[in-house]
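The values are calculated or read from the model by the stated rules, or taken from the named source; none is laboratory data. Keep in mind that what you see is a predicted model, and the values were worked out from it rather than measured. Heads up, the Cβs are rebuilt from the backbone with ideal geometry, glycines too, and the neighbour counts pull from every protein chain shown.
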Amino acid sequence: MNTYTSTHQDTASLLEEAQRSLLFTANRPDIVMERGEGMYLWDTEGKKYLDFIGGWAVTCLGHSPVVIRDALFNQATTLVNASPSYYNKRQIEFASLLTRLSGYDRVYFASTGAEANEGAVKLARKFGAKHRQGAFEVITTINGFHGRTLAMMAATGKKHWETLFAPKTPGFKHVPQNDIDALLAAIGPDTCAVMLELVQGEGGVHAVETEYLKQVRKVCDEVGILLIFDEIQTGLGRTGKLFASEHYGVDADIMTLGKGIGGGFPLSAVLTREKLNLFEPGDQGGTYIGQPLGMAVGYAVVNEIVQHDLSGHAARMGQYLVERLHQMADKYGLTRIRGKGLLLAFDLPGEQGAEVAAACLAEGLLINSPNPRSIRLMPALIVTEAEIDTMLETLESVLDRTEAPSEGR
């Protein structure tokens with residue numbers, strides 16, 4: 001469908017209401033999104049946007065996919081929530097699917113990535129209490145990102161968060177990515193785990209090095225601490241493999257998933273080994289844990305990714321996009337084209353990231369600038385070469401009009 005006429009044309013009044021009723025947390029442009037289909041969004045004025053943000057890597061199947069619609073409808077007519085006090089059929093089916101695909105033994109379901117990462121840290125601290133004389137510290141990386149709860153903000157290696165919402169939750173140390181000596185220096189008697197993003201998404205799309213990750217695994221085994229992979233953004237096909245860890249041939253003790261496993265529905269998971277089946281009644285839980293509606297959606301989304309090999313498609317489309325970006329690099333001063341699959345980024349010749357992203361928005365293209373020099377691309381796994389070409393045509397048009405700094409080229 002190429003055009004869409006909104007039934008709600010009074011965007012100004014909606015924006016006024018937003019200013020009155022929504023708690024301010026972010027600067028947002030003066031548009032109101034109303035509808036989505038495939039790779040496109042439409043606002044209340046009927047303007048169409050090609051989406052290469054994908055809800056921050058959430059809408060892996062595109063906007064309003066039929067499989068999610070059908071899963072929601074069918075499950076809503078059967079059972080929405082049986083409470084976390086009981087097993088439900090969809091929960092068991094989805095857990096079984098994830099364990100078969102991942103090789104892990106146990107699954108704990110949650111709603112957000114931060115919640116899943118909190119669960120992983122709790123499990124690591126339970127392990128430390130039982131097997132490392134009460135060890136509780138988790139080592140993470142500078143520029144990593146693990147969520148926005150108080151504990152996960154402490155786990156996140158963002159410098160400008162160091163004093164935000166003080167006092168800071170204790171128990172986390174940050175080391176540079178790909179620096180094994182720094183990691184070794186940080187490990188002490190209170191260390192219970194190392195938690196890593198295999199590709200730092202919010203940090204600007206920076207992947208761990210294979211040799212480094214193998215060394216980390218070896219160190220964790222030798223010291224007797226756990227290795228946690230935060231695959232909230234990379235899991236389920238995003239990097240061209242079902243799990244980013246498959247690129248490295250290294251397994252973790254705990255892996256967290258989110259974003260893509262729900263295709264836009266709030267859903268996350270903690271996967272772990274049988275040896276870490278340590279929680280006791282009351283240690284962990286939540287009202288919406290494993291509720292049938294979410295489980296039905298998760299099963300449908302993951303099954304769609306597997307059945308249609310969207311991981312392989314992401315690898316092919318990512319390679320095509322990288323090749324096209326390299327063809328543009330000299331003309332526009334693009335550098336450090338990086339990432340895996342459909343989690344990609346590149347640097348501009350100067351600090352024009354916000355300017356470029358805003359100009360693309362005006363032209364009907366949604367891209368993300370995670371820092372002043374970088375552009376991040378994370379479209380749905382269903383993206384086509386034709387849609388990539390359209391995106392790049394718009395980006396080139398914007399870059400042609402964007403003045404580069406004198407030192408940039």
Considering only strands (runs of 3 or more DSSP E) wholly within region 9-53, the ones with at least 1 residues that are touching a strand residue (DSSP E or B) at 6+ places or on another chain (Cβ under 8 Å) and without any contact (Cβ under 8 Å) to a residue 24 or more places away in the chain are 33-37, 40-43
Residue set GLY235, GLY249, GLY286; condition surrounded by fewer than 16 Cβ atoms within 10 Å (Cβ to Cβ), in a loop (DSSP other than H, G, I, E, B), small (Gly, Ala, Ser) and at pLDDT below 95; output residue GLY286
From the option list TRP56, TRP42, single residue qualifying as in the same structural domain as GLN19 (by TED's automatic domain parsing) and either more than 30 Å from ILE388 (Cα to Cα) or modelled with pLDDT under 95 (or both) is TRP56
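Just checking, does region 283-299 include any residue being hydrophobic (A, V, I, L, M, F, W, C) and touching an Asp or Glu at 6+ places or on another chain (Cβ under 6 Å)?
Kept after step one, since they are hydrophobic (A, V, I, L, M, F, W, C), are these residues of region 283-299: 289, 293, 295-297.
Pick out the ones that are also touching an Asp or Glu at 6+ places or on another chain (Cβ under 6 Å) and you get none.
Within region 283-299, none of the residues are hydrophobic (A, V, I, L, M, F, W, C) and touching an Asp or Glu at 6+ places or on another chain (Cβ under 6 Å).
For region 332-381, enumerate the residues that are of a type in the set (Val, Ile, Thr), without any contact (Cβ under 8 Å) to a residue 60 or more places away in the chain and buried (at least 22 other Cβ atoms within 10 Å of the Cβ).
To start, the set of residues in region 332-381 that are of a type in the set (Val, Ile, Thr) comprises 335, 337, 356, 367, 375.
This time we only want the ones that are without any contact (Cβ under 8 Å) to a residue 60 or more places away in the chain, so: 335, 337, 356, 375.
Matches in region 332-381: ILE375 only.
Hey, among the residues in region 164-209 that are of a type in the set (S, T, N, Q) and out of contact with any strand residue (DSSP E or B) (no Cβ under 8 Å at 6 or more places or on another chain), which one's surrounded by the fewest Cβ atoms within 10 Å (Cβ to Cβ)? Steps first, please.
The first filter runs over region 164-209 and keeps only residues of a type in the set (S, T, N, Q), leaving 169, 177-178, 191, 200.
Within this subset, residues satisfying the condition of being out of contact with any strand residue (DSSP E or B) (no Cβ under 8 Å at 6 or more places or on another chain) are 169, 178.
Values: THR169: 15, ASN178: 17.
This residue is THR169.
Inside region 322-388, counting only strands (runs of 3 or more DSSP E) that do not spill past its ends, which hold 2 or more residues that are among the β-branched types (Val, Ile, Thr)? Give the derivation first.
Numbers: elements: 335-340, 343-347, 368-371, 374-377.
Filter on region 322-388 gives 335-340.
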In region 95-104, anything small (Gly, Ala, Ser) and in a helix (DSSP H, G or I) is listed as ALA95, SER96, SER102
Counting only strands (runs of 3 or more DSSP E) wholly inside region 105-190, the ones holding at least 1 residues that are touching a residue at least 60 places away in the same chain (Cβ under 8 Å) are 106-110, 137-141
Taking first residues from region 235-248 that are closer than 15 Å to GLY201 by Cβ and second residues anywhere that are buried (at least 24 other Cβ atoms within 10 Å of the Cβ) and of a type in the set (Ser, Thr, Tyr), the pairs with Cβ under 6 Å that are 6 or more apart or on different chains are ALA244/THR234
For region 218-232 the number of residues that are free of Cβ contacts under 8 Å to residues at least 60 places away in the same chain and either buried (at least 20 other Cβ atoms within 10 Å of the Cβ) or among the polar types (S, T, N, Q) (or both) is 4
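Yes/no matrix, rows are residues, columns are (1) closer than 19 Å to PRO379 by Cβ; (2) touching a Pro at 6+ places or on another chain (Cβ under 9 Å):
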position: ASP30; (1), (2): no, no
position: GLY38; (1), (2): yes, yes
position: THR59; (1), (2): yes, yes
position: ASN74; (1), (2): no, no
position: LEU79; (1), (2): no, yes
position: LYS89; (1), (2): no, yes
position: LEU97; (1), (2): no, no
position: LEU101; (1), (2): no, no
position: GLU118; (1), (2): no, no
When restricted to LEU267, LEU293, the only residue closer than 17 Å to THR112 by Cα, touching a residue at least 60 places away in the same chain (Cβ under 8 Å) and buried (at least 24 other Cβ atoms within 10 Å of the Cβ) is LEU267
